[in-house]
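To keep things clear, I will list the structure first and then write my remarks on it.
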Amino acid sequence: HLMSTNTAALQVERVNVSFGGLRALHDVYLEIGKNEVVGLIGPNGAGKTTLFNALCGLVTPDSGEFRLNGESREFPKAHELVDLGIARTLQGVGLFGDLTVLENVMVGCHCRSKSGLLGAIFRTPATRREERAIREKSLGLLAYVGLADFANMQARNLSYGHQRRLEIARALATQPTLLALDEPAAGMNPAETEALRALIQQINEQGITILLIEHDMKLVMNLCHRVAVL
């Protein structure tokens, strides 16, 4: 069904993306209502990840319309996502393996930090206060996703399921209003997938809109309010 743009967190129309002579997306329409969990499904090669990348600034569409909270604008660039309130996780990409679990989340928090270069160099009182606040917030996010006990472990040593949770925690650190997840359950066992479902539902209940690209249809049908097929 179609909703008015007044109730849509994100709406795109007539999205076209070509790679050379290959038309990856042709006149695609997608609307995500505020506080919805919307699943995007379809066979391999349908263009799901291309659409995801267009929404998240990794691909520039040839044409199309983009509206965020009812406001028309250009399709975003990757570096604009934080300011727009959009966070994403990418399948198999993103963690800093040599950093600790806590440090990975702190990286996300720094996207919202106010201290400048001089403050970082001279370690001003304001910078130290902000660093303490970022550390406390990051520890809170780790507790939220069930990783508090792993804070000082190198991220590369986490299990696969825990790495996906860490990616979500770091995305939440940017304080998004819309969270886009690209196949977060890929490679998970049933217990990990169920735990992921509960976490995503909890995030949504906190008022965050979710876009979920996923092949696991049980997860999609148990979690999503609406499903779009590409």
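A few points about this structure:
- Chain lengthening between N152 and F19 when straightened (0.36 nm per residue, less Cα-Cα): 43.6 nm
- Using θ = phi - 60° in the Karplus curve 6.51 cos²θ - 1.76 cosθ + 1.60, the 3J(HN,Hα) couplings for the range 12-27 round to 10, 9, 6, 7, 10, 9, 10, 10, x, x, 9, 8, 7, 9, 9, 6 Hz; x is entered for Gly and Pro.
- Amide H contacts of G42: L230, each under 5 Å away and 5 or more positions distant or on a separate chain (H built 1.01 Å from N in the peptide plane; Pro and chain starts excluded).
- Estimated dipole of the chain in Debye, rounded to 20 [Cβ of Lys and Arg +1, of Asp and Glu -1, Cα centre]: 560 debye
- Accessible surface of the chain, 1.4 Å probe, proportion on carbon and sulfur as whole %: 52 percent
- Förster radius 41 Å - calculated FRET efficiency between N222 and R132 (Cβ-Cβ, nearest 0.05): 0.55
- If you run the Gaussian network model on the chain, springs between alpha carbon atoms under 10 Å, then out of N53, N35, N152 the most flexible one is N152.
- Taking Cα atoms only, the orientation of helix 190-205 departs from the longest principal axis of the chain by about 90 degrees.
- GNM on the chain, alpha-carbon springs under 10 angstrom: the most fluctuating residue among A155, A24, A191 is A191.
- Candidates G70, G45, G207: whichever shows maximal mean-square fluctuation once the chain is modelled as a Gaussian network with Cα springs under 10 Å: G45
- Here's the picture: charge each Lys and Arg Cβ at +1 and each Asp and Glu Cβ at -1 in the range 154-219, and of A195, L211, Q154 the one pushed furthest to the positive end of that dipole is Q154.
- Using all pairs of distinct alpha-carbon atoms, the Kirkwood hydrodynamic radius of the chain works out to 18.5 angstrom.
- Euclidean distance between Cα centres, the range 41-86 to the range 143-191, Å: 22 Å
- Only beta bridges with both residues in the chain are counted; by DSSP, about 50 percent of them are antiparallel.
- Accessible surface calculations at 1.4 Å, restricted to protein heavy atoms, place the chain at 49 Å² per residue.
- Separation of the T100 and E65 label points, Cα + 7 Å toward Cβ, nm: 5.0 nm
- For the chain, lysine pairs with C-alpha atoms less than 22 angstrom apart, excluding pairs fewer than eight positions apart on the same chain, total 6.
The values are calculated or read from the model by the stated rules, or taken from the named source; none is laboratory data. Treat the numbers as computed from the prediction; the structure is a model and nothing was measured. Cβ atoms come from the backbone with ideal geometry, glycine included; neighbour counts cover every protein chain shown. For accessibility, only protein heavy atoms count, side chains too; no ligands or nucleic acids. Shrake-Rupley method; radii C 1.70, N 1.55, O 1.52, S 1.80 Å.
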